[in-house]
Each structure stands twice: as C-alpha cells, then as structure tokens.
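Peer 1: Below is one structure. I have some questions about it.
The values are calculated or read from the model by the stated rules, or taken from the named source; none is laboratory data. Computed from a prediction, not measured in an experiment: that's the story for all the values here. Using ideal geometry, Cβ is built from the backbone for each residue, glycine included, and neighbour counts are taken over all protein chains shown. The accessibility values were calculated without ligands, DNA or RNA, using every heavy atom of the protein model including side chains. Shrake-Rupley method; radii C 1.70, N 1.55, O 1.52, S 1.80 Å.
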Amino acid sequence: MIILEKVLNITSSSLFNRLEIRFQEYVLMWRVFKRDYLSLVSFIVIVLIVLAVIFAPIVTPYPEQGEGLPNLESRLQAPSTEHPLGTDELGRDLFARILYGGRPSLTLGFLVVMIACAIGIPLGAIAGYFGGWIGQVIMRITDMFLSFPALLLAITISAALGPSFTNAMIAIALTWWPQYTRLVRAQTISVKELTFVEAAKATGVSDLSIILRHILPNVITVSIVQATMDMGSAVLMGSALSFIGLGIQPPKADWGNMLTSARIYFSNAPWFALYPGITLLLVALSFNLLGDGLRDIIDPQSRRQR
C-alpha cells in the first residue's frame, strides 16, 4: 500500500506539473495574440461575418429575398435606409443576398480544407515516416497534381463533373491536398529522427502507434496554420468557379455568382459588384492575417521574441 501510494503521488504530481506547464504555455500564447492587433482584428472580423451568416434570417429583414425571391419593383436601387447596400437586378436586398451567399461560400471553403487535410496529412506522415518506395509513390502522385495550376485543374474537374456545390467542393479539394502532403512529409522527416521517436521504436511500439501518438501531434500545428491561411484561398477559388458558372447555381446566392450578375450593371449600379467584392476581400485577408498571427504564436522562438 505504501509503494502504491508513492506511485500514485508521483504520477499525480507529474500530471499536475504537465498541466501547469501547458496552462502557462496557453496563457503566454493568449498574451502574444492580444498584442498582435492585426491578428486580433482579423479574428473578430471572421467571427462577426460567420455569426452574421449563421443568423442571417434574424440579421436581415428580407430573408426571403436572400433565399432568391425577386422584388422587381425595387430593382437596382442605390443604397438607402430601406436597403443599406442597395438591391440587385431582381430587386433583392443586397445585404440579405451577401449574408445568404456567405453560407455556401464559407461552407465550401471549410469543407475543402477539411477534406484536403484528411487526405494530405496522413499521406504526408506515411511518406515521411516510411520513406523508400512507399514515400516515392506518394510523392510522385503528389508532384503530378502539383504540376498543374490549381485553378485550371479545379475548372477541368468541375467542368467534367458538372456545375454544383458538391462537384465544386470535390474539384477544389482534389487540387488542395498535395500541399499538405509535402508540408507534413517535411515535418515528419525531421521529427522521426528525434530521441523520443527512437526510444518508442526501441521499446517495440508499432509504426502506426508512433505515427498517431508521436508524429502527428508534433506536425499538426503547422497544418493548422496552413489550413487557416488556406480558408480564404479556398473561398476565393470556390467563388471563382461560381463566377464562371461551375459552382453554386442561381437563384441560390453565392459571392461568385453575385459578381457574375453584377458585371453587366457595373456602369450604372456599381454597388452591386462593390459590396460582394469587399466581402470576399475581407474574408480572404482576415484568414491570411490570422494565419500569419497563429504561425508566430505557435512557434516558440517567435513567441519568445514577442
């Protein structure tokens, strides 16, 4: 009993020390994040846009117009108290259309990044850990995808599958995963040479367990930073496919197909294109700035310098 109590005390003390160190690390991260005003403002902008999009039926007084119901009596009206951002070619409130258009745009960007991570991160870890012919096969397939411009490849795949939200998501995700594979492979090659991985091998731990318990936790932070920065780019690419008619189809709102309709009326109704364009710019810029901030916060050396 005495020996058992000593073991329990040592274990609990060690666990408490690890939790305390981890808590102090998170506190330091938060302090650094608060001092990075660009990242903080970007985070607030993203949160506000996401909340406005989620609660669009409550935020806008014209939810039915956001969903596509026309109001021809008010077509192409300039911004006013009734319609703060003006109306489109069918008289629909532009603010409502932007909020409802953010739903498929942001959802597509999020799903693309998640699918790309789900494919690219495991393949990168396997290629970096095992190397040899397994790594060569994975990296040659990766290089084959990377040899094509991402947007051109996405357009080709989306055109072959047909215009729709699902097909646009698949097309973009198939062009996005290779960069995560290369990133994680490079990180895995450096991590697998560290002492704790060698110790795990020496004690007979299986390769799968080493990858899941030792490799991935040490490379996932870099992938999170990359995913944050890629969110804005994925939203832009999804809007680009919608702009050329290969993404979300009218009357469902999307920032890309809104710009397609607005280009015809740009000379006499510039607000029609201006506000969806500003929204796209804000989203892409905010995710990029937030990703830059996360990179500095997660990196211990950058965190100490700040």
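Peer 1: Answer with yes or no whether I172 is open to solvent by less than 10 Å² (accessible area, probe 1.4 Å), closer than 28 Å to A253 by Cβ and under 15 Å from the mean Cα position of the chain (by Cα).
Peer 2: On the way: open to solvent by less than 10 Å² (accessible area, probe 1.4 Å): yes; closer than 28 Å to A253 by Cβ: yes; under 15 Å from the mean Cα position of the chain (by Cα): yes.
Considered against the rule, which asks whether it is open to solvent by less than 10 Å² (accessible area, probe 1.4 Å), closer than 28 Å to A253 by Cβ and under 15 Å from the mean Cα position of the chain (by Cα), I172 comes out as yes.
Peer 1: Moving on. Do you know which of the residues in the stretch 55-78 that are in a helix (DSSP H, G or I), aliphatic (A, V, I, L, M) and in contact (Cβ under 8 Å) with a residue 24 or more places away in the chain is surrounded by the fewest Cβ atoms within 10 Å (Cβ to Cβ)? Walk me through it before giving the result.
Peer 2: Initially, the stretch 55-78 is screened for residues in a helix (DSSP H, G or I), giving 56-59, 63-66, 72-74.
Filter again for aliphatic (A, V, I, L, M), leaving 56, 58-59, 72.
Then keep just the ones that are in contact (Cβ under 8 Å) with a residue 24 or more places away in the chain; that gives 56, 59.
On the way: A56: 22, V59: 15.
Filtering the stretch 55-78 for residues that are in a helix (DSSP H, G or I), aliphatic (A, V, I, L, M) and in contact (Cβ under 8 Å) with a residue 24 or more places away in the chain, the one surrounded by the fewest Cβ atoms within 10 Å (Cβ to Cβ) comes out as V59.
Peer 1: Another question about this same structure. Consider the stretch 192-219. How many of its residues are part of a helix (DSSP H, G or I) and without any contact (Cβ under 8 Å) to a residue 40 or more places away in the chain?
Peer 2: The qualifying residues number 15.
Peer 1: Of the residues R140, R103, which is over 24 Å from L282 (Cα atoms), open to solvent by 60 Å² or more (accessible area, probe 1.4 Å) and modelled with pLDDT of 90 or more?
Peer 2: On the way: R103 fails: over 24 Å from L282 (Cα atoms).
Result: R140 is the single residue among R140, R103 that is over 24 Å from L282 (Cα atoms), open to solvent by 60 Å² or more (accessible area, probe 1.4 Å) and modelled with pLDDT of 90 or more.
Peer 1: Pairs, please: C-beta under 6 Å, at least 6 apart or cross-chain, first residue within 18 Å of Q187 (Cα to Cα) and in the stretch 132-155, second open to solvent by 80 Å² or more (accessible area, probe 1.4 Å) and part of a helix (DSSP H, G or I)?
Peer 2: none
Peer 1: Additional query: Among the candidates I115, I98, single out the residue that is among the aliphatic types (A, V, I, L, M), open to solvent by less than 40 Å² (accessible area, probe 1.4 Å) and either under 21 Å from the mean Cα position of the chain (by Cα) or more than 15 Å from M237 (Cβ to Cβ) (or both). Walk me through it before giving the result.
Peer 2: Values: I115 fails: open to solvent by less than 40 Å² (accessible area, probe 1.4 Å).
Just one listed residue meets the conditions, I98.
Yes/no matrix, rows are residues, columns are (1) out of contact with any strand residue (DSSP E or B) (no Cβ under 9 Å at 6 or more places or on another chain); (2) more than 13 Å from G238 (Cβ to Cβ); (3) at pLDDT below 90; (4) part of a helix (DSSP H, G or I):
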{"residue": "F148", "(1), (2), (3), (4)": "yes, yes, yes, no"}
{"residue": "N167", "(1), (2), (3), (4)": "yes, no, no, yes"}
{"residue": "I170", "(1), (2), (3), (4)": "yes, no, no, yes"}
{"residue": "V184", "(1), (2), (3), (4)": "yes, yes, no, yes"}
{"residue": "I189", "(1), (2), (3), (4)": "yes, yes, yes, yes"}
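Peer 1: Would you point out which residue out of A150, A160, A202 is in contact with a helix residue (DSSP H, G or I) (Cβ under 8 Å, 6 or more places away or on another chain) and either more than 25 Å from V225 (Cα to Cα) or open to solvent by less than 80 Å² (accessible area, probe 1.4 Å) (or both)?
Peer 2: Numbers: A160 fails: in contact with a helix residue (DSSP H, G or I) (Cβ under 8 Å, 6 or more places away or on another chain); A202 fails: in contact with a helix residue (DSSP H, G or I) (Cβ under 8 Å, 6 or more places away or on another chain).
Only one candidate passes the filter, namely A150.
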